[in-house]
Amino acid sequence: MEKHIHPNQKKIINRLARIEGHARSIKRMAEEGRDCPEMLLQIAAVRKALDNTAKVILKDHLEHCMLHALEKGTQEKFLQELQEAIDHYIK
């Protein structure tokens, strides 16, 4: 697969770094024996942050990769890969 840069790549990387830190803090909460509802609330926040990051990635994909596929004449492949990605993401 060819490497490509998206306009929001830095934003995506920063969001993922924050999510990673947040997940580590949830692990510490578990190690410390914190209350389950408190941990579940934090897990829900991480899930929402992941979903929002996925939206940014999908938007970039539709705005930039789709145009690239149209320019190269590979729109059929683009649509197939997009459908597969959505099927894996939304189960």
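Only the coordinates and a few stated rules stand behind these numbers; no lab work does. Quick caveat: nothing in here was measured; it's all calculated off a predicted structure. We place every Cβ from the backbone using ideal geometry, glycine too, and count neighbours over all the protein chains shown.
Some observations on this one:
- Label-point gap, in nm, between Leu40 and Lys59 - each point 7 angstrom along Cα→Cβ: 3.1 nm
- Of the residues Thr74, Gly33, Val56, the one whose Cα sits farthest toward the positive end of the charge dipole of the chain, with +1 on the Cβ of Lys and Arg and -1 on the Cβ of Asp and Glu, is Gly33.
- Cross-link pairs Lys11/Lys55; Lys10/Lys72; Lys55/Lys91 - those with Cα-Cα distance over 18 Å: Lys10/Lys72
- Loop-located trypsin sites (Lys or Arg not before Pro) in the stretch 1-80 whose Cβ has at most 12 other Cβ within 10 Å (DSSP): Lys3
- 21 Å tail of the calculated P(r), the chain, as % of Cα pairs: 47 percent
- DSSP H segments from the chain that extend 15 Å or more along their own axis, Cα-based, with Kyte-Doolittle mean of -1.0 or above: 9-32, 36-60
- The distance linking the stretch 1-27 with the stretch 41-91 is 15 Å (Cα centroid to Cα centroid, whole angstrom).
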